[in-house]
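Colleague: One structure coming up, written as structure tokens, with questions to follow.
Read the figures in this text as sums done on the coordinates, not as results from a lab. Please read these numbers as outputs of a predicted model, since none were measured by experiment. Quick reminder, even Gly has a Cβ in these numbers, built from the backbone with ideal geometry, and neighbours come from all protein chains shown.
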Amino acid sequence: MAQPKMVYSLTAFVIVIYAIVFLRSTPPALEKPLNSHVASWTIDESGLSAGPAVIHAQLGDQLQLYIQATITDELQLSGYGTTLQLGPQSPRQFDLVLNVSGHFEFKLRNRQYVIAVLEVSSLKE
């Protein structure tokens, strides 16, 4: 009589493993970005001296910015809570998957001015 109980247990185990392996969805953070946007910026005392002042992207895209600065400041991306310390010592990289749609500003915190904007549209727009 122990065999039917073991068969039921083994069947249940196989169903659980199948569900875990084949039916689970990929977490959003691990999904492949839709498109990749790569840009280079040069930032000096006057703000953005080279590179795009407006970046258009879609929800789920990846943004990569390579930044060379001649000033020391902190670059903030509103709405994403992301900051990057800038300085003349070395180039910096800003890399993130765009998971919030809307209009966002890149701002130099110490100088209190916006140097560029990011427009992220939802997939339905």
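Colleague: For segment 56-125, compute the orientation-averaged projected area of the C-alpha convex hull (one quarter of its surface), in nm².
Modeller: Computing the convex hull of the Cα atoms and averaging its projections yields 4.4 nm².
Colleague: Once you put a point 7 Å from the Cα of GLN85 and another 7 Å from the Cα of HIS56, both along the Cβ direction, what distance in nm separates them?
Modeller: 3.7 nm
Colleague: Continuing with this model, one more query. What percent do you get for the relative contact order of segment 29-121 when only Cα pairs under 8 Å and 6+ apart count?
Modeller: 30 percent
Colleague: Provide the percentage of antiparallel DSSP beta bridges, counting only those with both residues in segment 29-121; round to the nearest 5.
Modeller: If I count the DSSP bridges inside segment 29-121, around 65 percent turn out antiparallel.
Colleague: Show me the ranking of peptides 90-96, 111-117 by mean Cβ neighbours inside 10 Å, starting with the highest.
Modeller: Result, highest mean first: 111-117, 90-96.
Colleague: Students often get this wrong: which residues of segment 104-125 have the backbone nitrogen under 14 Å from the point 7 angstrom along Cα-to-C-beta of ALA39?
Modeller: 104-108, 114-121
Colleague: Place a +1 charge on the Cβ of each Lys and Arg in segment 29-121 and a -1 charge on the Cβ of each Asp and Glu, then give the dipole magnitude about the Cα centre in debye, rounded to the nearest 20.
Modeller: 60 debye
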